[in-house]
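To start, the structure under review is shown below, and the notes come after it.
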Amino acid sequence: MKVLFATTNQAKIRKYKEALEEKGIELISINDLDFKIHMDENGKDAIENAYIKAKTYYEATKMPTIGMDNCLWIEGLPEEKQPGTHVRRVNGKELTDEEMISYYADLVKQYGGKLTAKWVFGIVIYDGKEAKEYSFSKSNFYLVDQPCQKRNPGYPLDSISIMPENGKYWLELTEEEKMENKKREKKDKAIEFILRNIE
């Protein structure tokens, strides 16, 4: 079965593609269909933005669609500086990966060089009849003002994210440490939700 993932972020697609293909779901992106879609992601939270994405992409393709969005909350920042749903859009500009690393490293530096943060995710599956939604959050981690040398295209903030459990940058974890971290996360719950609600 083919399901559309309402994103152009190839890193996001790779993150879920293999696990879903093992269950017989072929995850494709709008790039695979040679579509260009513009939408105004103006929801107040991750679920609203995920719904906007899923519905917009469904209406353009008539394929069952998964919309996903995430919000970033950083402790110690005033409300007006919270990224929320606009992690990549700052002052009306869409930042590149390197611009994001630079912007957030500088922001963290202004507030002491190390801040606790968490991601809150929203997933919506839309099939033209109803929307099914699920929200989850990643455990807290640290954002720091000194980026590591490694990069994860599509996930730039991994370069300034440190795991509290071992004090290592996310991008410098061993495979074993990543597996341990995955057990603490809810990615598998997100996949279970998708599998339960794709018909």
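I'd like to check something: does segment 97-104 contain any residue that is under 22 Å from Thr8 (Cα atoms), in contact with a Ser or Thr (Cβ under 7 Å, 6 or more places away or on another chain) and in contact (Cβ under 8 Å) with a residue 40 or more places away in the chain?
yes
Cβ-Cβ distance below 6 Å, separation of 6 or more or different chains: which pairs start in segment 164-179 with a residue that is within 18 Å of Leu115 (Cα to Cα) and in contact (Cβ under 8 Å) with a residue 24 or more places away in the chain and end on one that is among the acidic types (Asp, Glu) and surrounded by 11 or more Cβ atoms within 10 Å (Cβ to Cβ)?
Partner pairs satisfying both residue conditions: Trp170/Asp158.
Of the numbered conditions (1) more than 19 Å from Tyr134 (Cβ to Cβ); (2) touching a residue at least 40 places away in the same chain (Cβ under 8 Å); (3) surrounded by 14 or more Cβ atoms within 10 Å (Cβ to Cβ); (4) within 17 Å of the chain's Cα centre (by Cα), Ser29 satisfies every one except a single condition; which is it?
(2)
Table: residues versus (1) of a type in the set (Ser, Thr, Tyr); (2) surrounded by 15 or more Cβ atoms within 10 Å (Cβ to Cβ); (3) part of a strand (DSSP E or B).
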site: Tyr58; (1), (2), (3): yes, yes, no
site: Asn70; (1), (2), (3): no, yes, yes
site: Trp73; (1), (2), (3): no, yes, yes
site: Leu77; (1), (2), (3): no, yes, no
site: Glu80; (1), (2), (3): no, no, no
site: His86; (1), (2), (3): no, yes, no
site: Ser102; (1), (2), (3): yes, yes, no
site: Asp106; (1), (2), (3): no, no, no
site: Lys109; (1), (2), (3): no, no, no
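Restricting segment 133-170 to residues that are of a type in the set (Phe, Trp, Tyr) and not in a strand (DSSP E or B), which is surrounded by the fewest Cβ atoms within 10 Å (Cβ to Cβ)? Walk me through how you get there before you give the answer.
Of all residues in segment 133-170, those of a type in the set (Phe, Trp, Tyr) come to 134, 136, 141-142, 155, 169-170.
Adding the requirement that they be not in a strand (DSSP E or B) leaves 155, 170.
Working: Tyr155: 17, Trp170: 21.
This residue is Tyr155.
For segment 31-54, give me each residue that is touching a strand residue (DSSP E or B) at 6+ places or on another chain (Cβ under 9 Å) and farther than 25 Å from Glu192 by Cβ.
Hits for segment 31-54 are Leu33, Glu41, Lys44.
Which residue, of Glu80, Glu94, Glu18, Glu48, is touching a Lys or Arg at 6+ places or on another chain (Cβ under 9 Å) and either at pLDDT 90 or above or under 30 Å from Pro164 (Cα atoms) (or both)? Spell out how you get there, then give the answer.
Values: Glu80 fails: touching a Lys or Arg at 6+ places or on another chain (Cβ under 9 Å); Glu18 fails: touching a Lys or Arg at 6+ places or on another chain (Cβ under 9 Å); Glu48 fails: touching a Lys or Arg at 6+ places or on another chain (Cβ under 9 Å).
Just a single option satisfies the conditions, and that option is Glu94.
The values are calculated or read from the model by the stated rules, or taken from the named source; none is laboratory data. Since the structure is predicted, the reported quantities are computational estimates derived from the model, not experimental observations. A quick note on method: Cβ atoms are made from the backbone with ideal geometry, for glycine too, and the neighbour counts reach across all protein chains shown.
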